[in-house]
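The values are calculated or read from the model by the stated rules, or taken from the named source; none is laboratory data. Note that the structure is a prediction, hence the values are computed from the model and not measured. Cβ placement follows ideal geometry from the backbone for every residue including glycine, while neighbour counts extend to all protein chains displayed. We work out accessible area using only protein heavy atoms, side chains counted, and drop any ligands, DNA or RNA first. Shrake-Rupley method; radii C 1.70, N 1.55, O 1.52, S 1.80 Å.
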Amino acid sequence: MAQDRNPIEVAQADITTLALDAIVNAANSSLLGGGGVDGAIHRAAGPELVAECRTLGGCRTGEAKITKGYRLPASHVIHTVGPVWREGEAGEDEALAACYRNSLALAQAHGLRTIAFPAISTGIYGFPKERAARIAVAEVSRAAAGGAFERVVFCCFGEADAVLYRRVLAEGPAFSDGWPARTGRGTAPSGAR
(Lines give C-alpha, C1' and ligand atoms only; values in the text may rest on other atoms or scores of the structure.)
Protein backbone atom coordinates (compact mmCIF):
# COMPACT_ATOMS: atom_id res chain seq x y z
CA MET A 1 0.00 0.00 0.00
CA ALA A 2 1.40 3.42 -0.95
CA GLN A 3 2.16 5.86 1.83
CA ASP A 4 0.83 9.40 2.16
CA ARG A 5 4.08 10.82 3.54
CA ASN A 6 7.58 10.61 2.21
CA PRO A 7 9.40 8.03 4.34
CA ILE A 8 12.85 9.40 3.40
CA GLU A 9 14.66 11.70 5.80
CA VAL A 10 18.10 13.05 6.58
CA ALA A 11 19.57 12.89 10.08
CA GLN A 12 22.88 14.14 11.39
CA ALA A 13 23.75 11.40 13.86
CA ASP A 14 25.98 8.48 14.72
CA ILE A 15 24.46 5.59 12.75
CA THR A 16 25.35 3.17 15.55
CA THR A 17 22.81 4.89 17.83
CA LEU A 18 19.76 4.48 15.57
CA ALA A 19 17.05 2.10 16.74
CA LEU A 20 15.75 0.84 13.39
CA ASP A 21 15.16 -2.52 11.79
CA ALA A 22 18.52 -2.20 10.02
CA ILE A 23 21.49 0.05 9.53
CA VAL A 24 23.70 -0.26 6.49
CA ASN A 25 27.42 -0.75 6.91
CA ALA A 26 29.75 0.72 4.30
CA ALA A 27 31.93 -2.36 4.59
CA ASN A 28 35.13 -3.58 3.02
CA SER A 29 35.07 -6.82 1.05
CA SER A 30 36.23 -8.96 3.99
CA LEU A 31 33.27 -7.81 6.14
CA LEU A 32 35.61 -8.10 9.13
CA GLY A 33 35.70 -4.43 10.11
CA GLY A 34 37.85 -1.51 9.15
CA GLY A 35 37.91 2.24 9.54
CA GLY A 36 35.20 4.86 9.43
CA VAL A 37 31.57 3.76 9.75
CA ASP A 38 32.61 0.12 9.27
CA GLY A 39 34.85 0.17 12.33
CA ALA A 40 32.32 2.13 14.38
CA ILE A 41 29.57 -0.40 13.63
CA HIS A 42 31.81 -3.35 14.49
CA ARG A 43 32.95 -1.74 17.75
CA ALA A 44 29.40 -0.88 18.81
CA ALA A 45 27.96 -4.28 17.84
CA GLY A 46 30.58 -6.25 19.73
CA PRO A 47 32.62 -9.34 18.84
CA GLU A 48 29.57 -11.38 17.87
CA LEU A 49 29.22 -9.30 14.70
CA VAL A 50 32.68 -10.13 13.39
CA ALA A 51 32.12 -13.78 14.33
CA GLU A 52 28.97 -13.90 12.20
CA CYS A 53 30.67 -11.95 9.39
CA ARG A 54 33.41 -14.59 9.26
CA THR A 55 30.76 -17.11 8.20
CA LEU A 56 29.59 -15.01 5.21
CA GLY A 57 32.62 -15.44 2.95
CA GLY A 58 33.12 -11.75 2.28
CA CYS A 59 31.15 -9.56 -0.09
CA ARG A 60 31.75 -8.21 -3.60
CA THR A 61 31.40 -4.57 -4.58
CA GLY A 62 27.75 -3.65 -5.04
CA GLU A 63 26.44 -6.73 -3.24
CA ALA A 64 24.86 -6.83 0.23
CA LYS A 65 24.72 -9.33 3.09
CA ILE A 66 22.77 -9.26 6.34
CA THR A 67 23.65 -10.06 9.95
CA LYS A 68 22.09 -9.54 13.35
CA GLY A 69 22.71 -6.20 15.07
CA TYR A 70 23.91 -7.75 18.35
CA ARG A 71 24.69 -4.89 20.77
CA LEU A 72 23.41 -2.19 18.40
CA PRO A 73 19.97 -0.62 18.85
CA ALA A 74 19.28 -1.74 15.26
CA SER A 75 18.16 -5.34 15.00
CA HIS A 76 20.13 -6.01 11.79
CA VAL A 77 23.17 -4.78 9.91
CA ILE A 78 23.18 -4.88 6.13
CA HIS A 79 26.75 -4.87 4.88
CA THR A 80 27.49 -3.51 1.40
CA VAL A 81 30.78 -2.84 -0.33
CA GLY A 82 30.90 0.44 -2.22
CA PRO A 83 33.17 1.15 -5.17
CA VAL A 84 36.50 2.93 -4.99
CA TRP A 85 36.32 6.09 -7.12
CA ARG A 86 38.44 5.78 -10.28
CA GLU A 87 37.51 9.05 -12.00
CA GLY A 88 34.16 7.62 -13.09
CA GLU A 89 35.71 5.31 -15.66
CA ALA A 90 35.23 1.94 -13.95
CA GLY A 91 31.45 1.66 -13.56
CA GLU A 92 31.45 3.33 -10.16
CA ASP A 93 27.99 4.92 -10.57
CA GLU A 94 26.30 1.60 -11.31
CA ALA A 95 28.25 -0.18 -8.55
CA LEU A 96 27.17 2.43 -6.00
CA ALA A 97 23.57 2.27 -7.22
CA ALA A 98 23.75 -1.51 -6.81
CA CYS A 99 24.79 -1.07 -3.16
CA TYR A 100 21.56 0.80 -2.46
CA ARG A 101 19.35 -1.46 -4.61
CA ASN A 102 20.74 -4.67 -3.12
CA SER A 103 20.63 -3.37 0.46
CA LEU A 104 17.01 -2.30 0.04
CA ALA A 105 16.05 -5.58 -1.64
CA LEU A 106 17.66 -7.55 1.18
CA ALA A 107 15.84 -5.45 3.78
CA GLN A 108 12.56 -6.00 1.98
CA ALA A 109 13.18 -9.75 1.66
CA HIS A 110 13.62 -9.92 5.45
CA GLY A 111 10.53 -7.83 6.17
CA LEU A 112 12.53 -4.87 7.46
CA ARG A 113 10.62 -1.58 7.18
CA THR A 114 13.03 0.96 8.70
CA ILE A 115 16.62 1.39 7.53
CA ALA A 116 19.47 3.91 7.67
CA PHE A 117 22.27 4.44 5.18
CA PRO A 118 25.63 6.15 5.65
CA ALA A 119 27.19 8.03 2.73
CA ILE A 120 28.57 4.90 1.07
CA SER A 121 31.98 5.21 -0.66
CA THR A 122 32.43 8.94 0.12
CA GLY A 123 35.12 8.50 2.75
CA ILE A 124 38.43 6.83 2.03
CA TYR A 125 36.98 5.34 -1.20
CA GLY A 126 36.86 8.91 -2.58
CA PHE A 127 33.48 8.92 -4.38
CA PRO A 128 32.44 12.56 -5.01
CA LYS A 129 29.92 13.41 -2.32
CA GLU A 130 27.28 15.17 -4.39
CA ARG A 131 27.38 12.53 -7.09
CA ALA A 132 27.00 9.82 -4.43
CA ALA A 133 24.12 11.69 -2.79
CA ARG A 134 22.26 11.93 -6.11
CA ILE A 135 22.69 8.19 -6.72
CA ALA A 136 21.56 7.40 -3.17
CA VAL A 137 18.47 9.62 -3.40
CA ALA A 138 17.52 8.18 -6.81
CA GLU A 139 17.78 4.55 -5.70
CA VAL A 140 16.10 5.04 -2.34
CA SER A 141 13.31 7.10 -3.92
CA ARG A 142 12.60 4.31 -6.42
CA ALA A 143 12.35 1.73 -3.63
CA ALA A 144 10.35 3.95 -1.28
CA ALA A 145 7.81 4.78 -3.99
CA GLY A 146 6.49 1.23 -3.73
CA GLY A 147 5.55 1.72 -0.07
CA ALA A 148 7.78 -1.08 1.20
CA PHE A 149 9.49 1.14 3.78
CA GLU A 150 8.11 3.13 6.71
CA ARG A 151 11.32 5.07 7.24
CA VAL A 152 14.57 5.41 5.30
CA VAL A 153 17.25 7.60 6.87
CA PHE A 154 20.29 9.08 5.19
CA CYS A 155 22.46 9.22 8.29
CA CYS A 156 25.18 11.85 7.99
CA PHE A 157 27.91 12.13 10.58
CA GLY A 158 28.81 15.74 9.72
CA GLU A 159 26.71 18.85 9.20
CA ALA A 160 28.03 19.55 5.68
CA ASP A 161 26.96 16.09 4.50
CA ALA A 162 23.52 16.50 6.11
CA VAL A 163 23.04 19.83 4.34
CA LEU A 164 24.06 18.24 1.04
CA TYR A 165 21.67 15.29 1.42
CA ARG A 166 18.79 17.58 2.46
CA ARG A 167 19.36 19.73 -0.64
CA VAL A 168 19.58 16.76 -3.01
CA LEU A 169 16.51 15.17 -1.42
CA ALA A 170 14.58 18.44 -1.76
CA GLU A 171 15.56 18.67 -5.43
CA GLY A 172 14.26 15.14 -5.92
CA PRO A 173 15.65 12.32 -8.02
CA ALA A 174 16.16 12.87 -11.72
CA PHE A 175 15.17 9.61 -13.37
CA SER A 176 14.27 10.73 -16.89
CA ASP A 177 17.72 11.85 -18.03
CA GLY A 178 19.48 8.71 -16.87
CA TRP A 179 21.26 10.47 -14.03
CA PRO A 180 23.06 9.19 -12.19
CA ALA A 181 23.87 5.92 -13.94
CA ARG A 182 24.55 7.04 -17.51
CA THR A 183 26.29 10.40 -17.27
CA GLY A 184 29.69 9.37 -18.50
CA ARG A 185 33.17 10.05 -17.26
CA GLY A 186 32.83 11.66 -13.87
CA THR A 187 30.64 14.56 -14.99
CA ALA A 188 27.15 15.46 -13.91
CA PRO A 189 24.48 16.54 -16.37
CA SER A 190 23.67 20.23 -16.81
CA GLY A 191 22.17 21.72 -13.69
CA ALA A 192 23.76 19.18 -11.35
CA ARG A 193 26.61 20.38 -9.21
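Annotations for the structure displayed:
- Burial ranking of peptide ranges 29-39, 62-72 (average Cβ count within 10 Å, highest at the top): 62-72, 29-39
- Cα Rg over Rh - the chain, Kirkwood: 0.94
- Counting protein heavy atoms only, the chain has 51 percent of its accessible area on carbon and sulfur, 1.4 angstrom probe.
- Annotation: the antiparallel percentage among DSSP beta bridges lying fully within the chain is about 20.
- For the stretch 83-171, the solvent-accessible area works out to 40 Å² per residue, with a probe of 1.4 Å and every protein chain left in place.
- In summary, the helical segments of the chain meeting the span-like criteria, namely a full DSSP H run, a Cα extent along the axis of 24 angstrom or more and a mean Kyte-Doolittle hydropathy of at least -0.5, are 92-109.
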